[in-house]
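The values are calculated or read from the model by the stated rules, or taken from the named source; none is laboratory data. Source: prediction; values computed, not measured. Positions of Cβ are backbone-derived with ideal geometry, glycine not excepted, and every protein chain shown enters the neighbour counts. To get the accessible areas, we keep the full protein, side chains included, count just its heavy atoms, and leave off ligands, DNA and RNA. Shrake-Rupley method; radii C 1.70, N 1.55, O 1.52, S 1.80 Å.
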Amino acid sequence: ECEYYGQQYSDGEQISSQVPTEDCSGCQQRVCQAGVVQWQITTNCSVKCCFFNGASYHPGRYIQNACARLVCEGSSGQFNYWGVDYNCPKCKAYLDPHIVTFDSWWSYSYQGCGNYSLTQIGNSYQPTVAVFATFVPCGGWSTLTCVDRVTFKNDEHTVITIEFKNSNYKIEVNGKDYDATLSSSSPSIVQVINNVYPVMAWKSWGCVNLQGSSGILVKFCGSSWSSNQVYVWSDYDVANELKGLCGTVNDNPDDDFLTRDGTVTSPWRRNPAPAFPLSWLSSDTSDGNCGGRNIRANRQTQNRCELDFTFEEKYYEQCNTTVSSGFSNAEPEEVLTIINDCVFDLCNVSDPDAWVKAVVETVEVQAVIQEDIQNFTTSAPDTTTPLDIITTTISFETDSSTPYTTIESTSPSGSSTVATPDSTSDNPNSSDETSLSPTTSTTMAPKPLSDKELFKAILVVLESIKQSYDA
């Protein structure tokens, strides 16, 4: 028999649940063998690691440098989607199109045609990382342009294009069809034939999502009214290098209208000087005026609200009702921006009643995105461990995937209970991955320990208790 922390185990009995080995080549568990508690290694694992871009992730840990919270689920070895990190800068282009830059709550309007760089690293016409959007006349209105196609360049070898035609998505990877059925619950690694690419893809609420190893997250939402929407989030590791129609990322919207040659055309305003957007035409587009048709000039001659202010009052009431009823947790500035965009469009389009349906679709998508962000803030596993000073009150718990040690801790802010992977000095699992506890309290200490510091502290306490038992 073996004695382990005051409990008796018979020979051959399993003491702890399986946990993956550090390199994820197998699993290990504590067993009683010939009166000694030992780690037993096996390849017959009930709990699995997840893999992405050459890295392995233990259950409960998530992909770093990604705005989508993708957490490894141990029973399946697949990542689960927990929402969008609200800390990531966000840019969006929607309706005809209105563009909200990374640094601003408010949108600007631009009705050009062609393929534009929404955001990219650097000024080059051949950037290493970029998101391009193609604007074309849409909805049967000669005065409107909308997002038709989005191209995500994650790296020099990974270019993914998304279109929405006849109520279906068409996705190509490096010019080849990507026919995978995208799941809403388990993001999958993009693979075409035998080629695997460092991008995770999934669907949520009818939108296609792409999280790249570059740190860029793209969401493309097709519309039955041709007013497709695109949203881009950037991890902060690359955010300060980004430029394009989405502006820069430095919390200063006044320099968002930065041209490719480094000139700021003006502080933020509703209609930027054409030099700004035209400078971000891609190298395969030479004409930003839709084949010679000046969309902007057409729009200005169609504005019925400037001719009769009663139209603006009517449209504001209509837009306020449509937009406000679709949001519950959005920031007031975001709601007001979409209301203003709605009024702007209805004043200009030839069929306002029909265009309201496109506005409704836009509101529905943005409400879902807000819910994704809400899910992240309320449900997604967190890396912060509320532990400052460890006391010696320790008990042991296990679940189906990982043994956990419950540690009572005290800090200047009070007590909290933290569930952490059960570890002793002979446990080889002490990697640098971010550890996520399945059950943690939300009591926060002023200076939470890092994963490595926490692990060392646990070892110190466990070693102290072990010595007391030995004595």
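Quick check: anything in the stretch 336-343 open to solvent by 40 Å² or more (accessible area, probe 1.4 Å) and modelled with pLDDT of 85 or more?
Kept after step one, since they are open to solvent by 40 Å² or more (accessible area, probe 1.4 Å), are these residues of the stretch 336-343: 336, 340.
Imposing the further condition that a residue be modelled with pLDDT of 85 or more reduces the set to 336, 340.
The answer is yes; a qualifying residue exists.
Name the residues in the stretch 79-88 that are of a type outside the set (Val, Ile, Thr) and either part of a strand (DSSP E or B) or closer than 15 Å to Phe344 by Cα (or both), would you?
Of all residues in the stretch 79-88, those of a type outside the set (Val, Ile, Thr) come to 79-83, 85-88.
Within the stretch 79-88, Phe79, Asn80, Tyr81, Trp82, Gly83 qualify.
Output the residue which, of all residues in the stretch 227-251 that are polar (S, T, N, Q) and open to solvent by less than 50 Å² (accessible area, probe 1.4 Å), is farthest from Asp179 (Cα to Cα).
Filtering the stretch 227-251 for residues that are polar (S, T, N, Q) and open to solvent by less than 50 Å² (accessible area, probe 1.4 Å), the one farthest from Asp179 (Cα to Cα) comes out as Thr248.
If you check Cys91 against the conditions, is it at pLDDT 95 or above and either part of a loop (DSSP other than H, G, I, E, B) or touching a Leu at 6+ places or on another chain (Cβ under 9 Å) (or both)? Can you show your working first?
On the way: at pLDDT 95 or above: yes; either part of a loop (DSSP other than H, G, I, E, B) or touching a Leu at 6+ places or on another chain (Cβ under 9 Å) (or both): yes.
The answer is yes for Cys91.
List the number of the failed condition for Lys170; all other conditions in (1) open to solvent by 30 Å² or more (accessible area, probe 1.4 Å); (2) assigned to a strand (DSSP E or B); (3) closer than 22 Å to Phe52 by Cβ hold.
All conditions are met except number (3).
Go through the stretch 94-120 and report how many residues are in contact with a helix residue (DSSP H, G or I) (Cβ under 8 Å, 6 or more places away or on another chain) and assigned to a strand (DSSP E or B).
Result for the stretch 94-120: 6.
Here's the yes/no breakdown for (1) surrounded by fewer than 24 Cβ atoms within 10 Å (Cβ to Cβ); (2) under 14 Å from Leu281 (Cα atoms); (3) in contact with a Leu (Cβ under 6 Å, 6 or more places away or on another chain); (4) of a type in the set (Lys, Arg):
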| residue | (1), (2), (3), (4) |
| --- | --- |
| Trp105 | yes, no, no, no |
| Gly112 | yes, yes, no, no |
| Asn115 | yes, yes, no, no |
| Leu118 | no, yes, yes, no |
| Gln126 | yes, yes, no, no |
| Val129 | yes, no, no, no |
| Phe135 | no, yes, no, no |
| Thr158 | yes, no, no, no |
| Thr161 | yes, no, no, no |
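When the residues of the stretch 185-212 are filtered to those that are in contact (Cβ under 8 Å) with a residue 40 or more places away in the chain and open to solvent by 50 Å² or more (accessible area, probe 1.4 Å), which remaining residue is nearest to Phe52 (Cα to Cα)?
Ile189
Collect the residues in the stretch 35-58 that are open to solvent by less than 30 Å² (accessible area, probe 1.4 Å) and not in a strand (DSSP E or B), keeping them in residue-number order.
Scanning the stretch 35-58 gives Val47, Cys49, His58.
Would you check if there is a residue in the stretch 68-84 being closer than 14 Å to Met200 by Cα and free of Cβ contacts under 8 Å to residues at least 60 places away in the same chain?
For the stretch 68-84, residues closer than 14 Å to Met200 by Cα and free of Cβ contacts under 8 Å to residues at least 60 places away in the same chain: present.
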